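A short write-up of the structure that comes next.
No lab work stands behind these numbers, since they all come straight from the coordinates. These numbers were taken from a predicted model, which means no experiment stands behind them. A quick note on method: Cβ atoms are made from the backbone with ideal geometry, for glycine too, and the neighbour counts reach across all protein chains shown.
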Amino acid sequence: MIATLVTGAVRFLSGASVRWLGCRPEPGKRVYFANHTSNFDGVVLWAALTPSLRAVTRPVAAQDYWTATAIRRFLAARVFKAVLIERKHVTVSHNPLEPILAALDAGSSLIIFPEGGRNPGPDAGEFKSGLFHIGKKRPDVDLVPVYIDNMNRIMPKGEVLPVPLLSCITFGTPTRVGPSEPRPAFLARARDAVNALRQA
C-alpha cells in the first residue's frame, strides 16, 4: 500500500514519461545504470518501472544519505528495499561491491549511478569503475543504459521538495562487458550509450 502511494506521488510530481527504446519491460536480472543529476533520480527511475519489475528491483544508494533521517531510513528499508553502500569510508571490510553482488545473487535487479555523484550537466560525466566490476563478476546480468531527462530542475541540489515539471526516462539497449574488453573502453562505451539516449 505504501509503495503504491509513493509510486503514484513520484509519478505525479515528476510528470515522467517512460520510453523503452532498446528493450522491453520484461523479467530478467538487470542492472539499470543512468545519469545522475538529482537525489530524486533513483526514486523516479524505480517508479518508472512496471509493477512486476519494481517488485524485484532495488536502488543502490548512499548509506550516509538514506540513513540521515527516520523517514529516509523507513523509505529505504520498507519501500524501495535499497541496497545501501558506504561511499565515504570505503575499506576492505566495507567494500560497496559486496552487497551489490549479494543482491544480484539473491535474484534482484538493481539501479545504479556510475558517475558516483550528481552531475548538473545534460550529459553523464565520467563513469567510475563499479559498473565494469559488476559486469565482469556477473557476466550473465544485462546492463541497461537509462537516460533521465530534466530531473535536475525538478529536484535541484539543496532542495527538500520537488518542483512539479515534466521529465522523461528512456531505457536503451542492454549491454555486457566484452570477454577481453579493457575497463576504460567499456566505461566509455557505457557512458556513450547513456548519453546517446538523450538524442534518441
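Data table
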read-out: Protection proxy ranking of 96-105, 55-64 - average other beta-carbon atoms within 10 Å, highest first; value: 55-64, 96-105
read-out: Relative packing of 24-33, 44-53, which averages over residues the other C-beta atoms within 10 Å, highest first; value: 44-53, 24-33
read-out: Distance in nm between pseudo-label sites at V79 and T4 (7 Å out along the Cβ direction from Cα); value: 1.6 nm
read-out: Under 5 Å, built H, 5+ apart or other chain: amide partners of V83; value: V60, A61
